[in-house]
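Nothing in this text is a laboratory measurement; each read-out follows from the coordinates by a stated rule. In this text, all values refer to a predicted model and were calculated from it rather than measured experimentally. Positions of Cβ are generated from backbone atoms using ideal geometry, with glycine treated the same way; all protein chains shown enter the neighbour counts.
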Amino acid sequence: MSISIIVPCFNEESSLPYFYQEFQKLTESMCQESFELICVNDGSSDGTLSYLKELAAADSRVKYLSFSRNFGKEAAIYAGLQYSQGDYVAIMDADLQDPPSLLPEMYHAVTVEGYDSAATRRVSRKGEPKIRSWFARKFYRLMNRISKTDLVDGARDYRLMNRKFVSALLEMGEYNRFSKGLFGWVGFKTKWIEFENVERVAGETKWSFWSLLLYAIDGIVAFSTAPLVISTLSGVLFGFSSLIFMAVIIFRRIVFGDPVAGWASTVSITLLLGGIQLFCIGILGQYLAKTYLEAKRRPLYILDETNCEKEP
Ligand code: UDP
Ligand code: MG
């Protein structure tokens, strides 16, 4: 059986040597299987590409795909899946935060235990900023509430899949990719394997708090329409309460004859409603923007160079 390992690399010059070392150890421990390492250079500005070329020259199992600029990890994963040839395909980070030592167990799950994919989740988030972990946990809670797609807290993109699973993923050529949701959306039988968080071997994380927040919004917009329902409901609620409010004022005017006083309350209510309206238009805009990007049907990535023979 052959296994393809896809590694998205964005400025990973410092961690790739460690990664390759681990890859070699892994392949030695699973010597009955043949391996293919597909490294996707996602527009790195450091020496990542030249290092990959060196590796490819020395080791025929190493393939590289190099993008014309940074297209993001999701695009890199998609490209890797398209070019992969193995019977089984794994996605792994270059920074060794996805322990290669778990792969034999994952392989056992898909080959012997009858699962279609083996996925990993980290059960701790040690070494991560507290506030980031807190938001992440809240995000998963919220997503599971508002979306039918199953999202597992702490799930990594690190997983091993069979061909059936990969083909299903490739069929979804959408532009706004949120892999964690797509993995759940395609269904099939998945085994979850847990591990303790591991810190990066070298280099720095590419995710700032803001980029994670935007990614979370992407995820919500891609997998749930609940925000639209919420904005509609809030419109109904406010419209209805304004009717009651009007009736109360008219009643007071007729029965007690007291004139309506107070500009302060009027201004604050106007501001509140204005704010809610803008918020709801913003939600609408998010969906519209995604539809707009989707409608352009732009390619997910542009390939600059590669040593892969197989066309996707
Ligand atoms: N990555 C990528 N393109 C990007 C950002 C990240 O290919 O635009 C890769 C990166 O090289 C690494 C993986 O995605 O192999 C995970 O990135 P990182 O370790 O920065 O994320 P974290 O583990 O902190 O979530
Ligand atoms: Mg990482």
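Summary of computed values
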| quantity | calculated |
| --- | --- |
| Potential extension, residue 175-residue 123 segment - 0.36 nm per residue separation minus Cα distance | 15.7 nm |
| Acute angle (nearest 10 degrees) that the helix 16-29 long axis makes with the longest principal axis of the chain, alpha-carbon atoms | 60 degrees |
| Most mobile listed residue (254, 220, 281) in the chain, GNM with C-alpha springs under 10 Å | 254 |
| Cut-off under 5 Å, modelled amide H: who pairs with residue 193 long-range | 119, 120, 121 |
| Cut-off under 5 Å, modelled amide H: who pairs with residue 159 long-range | 91 |
| Relative contact order of region 83-199, defined on C-alpha pairs under 8 angstrom at six or more residues apart (%) | 44 percent |
| DSSP beta bridges in the chain [antiparallel fraction, %, rounded to 5] | 30 percent |
| Among 45, 241, 34, residue whose mean-square fluctuation peaks in a GNM of the chain (springs only between Cα atoms under 10 Å) | 241 |
| Between 0 and 90°, nearest 10: helix 73-83 axis offset from the chain longest Cα axis | 40 degrees |
| Helix-derived mean residue ellipticity, 222 nm - over the chain, DSSP H n ≥ 4, -39500 (n - 2.57), to 500 | -16500 deg cm²/dmol |
| Relative contact order of the chain, defined on C-alpha pairs under 8 angstrom at six or more residues apart (%) | 23 percent |
| Helix axis angle, 209-223 relative to the chain longest principal axis, alpha carbon, degrees | 80 degrees |
| Å³ per residue enclosed by the Cα convex hull of region 128-286 | 177 Å³ |
| Relative contact order of region 1-146, defined on C-alpha pairs under 8 angstrom at six or more residues apart (%) | 30 percent |
| Fluctuation leader among 46, 258, 98 - the chain, Gaussian network, Cα springs under 10 angstrom | 258 |
| Extension gain from residue 193 to residue 234, taking 0.36 nm per residue of separation minus the Cα-Cα distance | 10.7 nm |
| Burial order of peptide ranges 69-78, 174-183, 192-201, 86-95 (average beta-carbon count within 10 Å, highest first) | 86-95, 69-78, 174-183, 192-201 |
| For residue 62, residues with placed amide H under 5 Å, excluding near neighbours | 37 |
| Dipole magnitude of the chain about its Cα centre (Cβ charges: Lys, Arg +1; Asp, Glu -1), debye to nearest 20 | 1580 debye |
| Order by protection proxy (mean Cβ within 10 Å, highest first), peptides 284-294, 158-168 | 158-168, 284-294 |
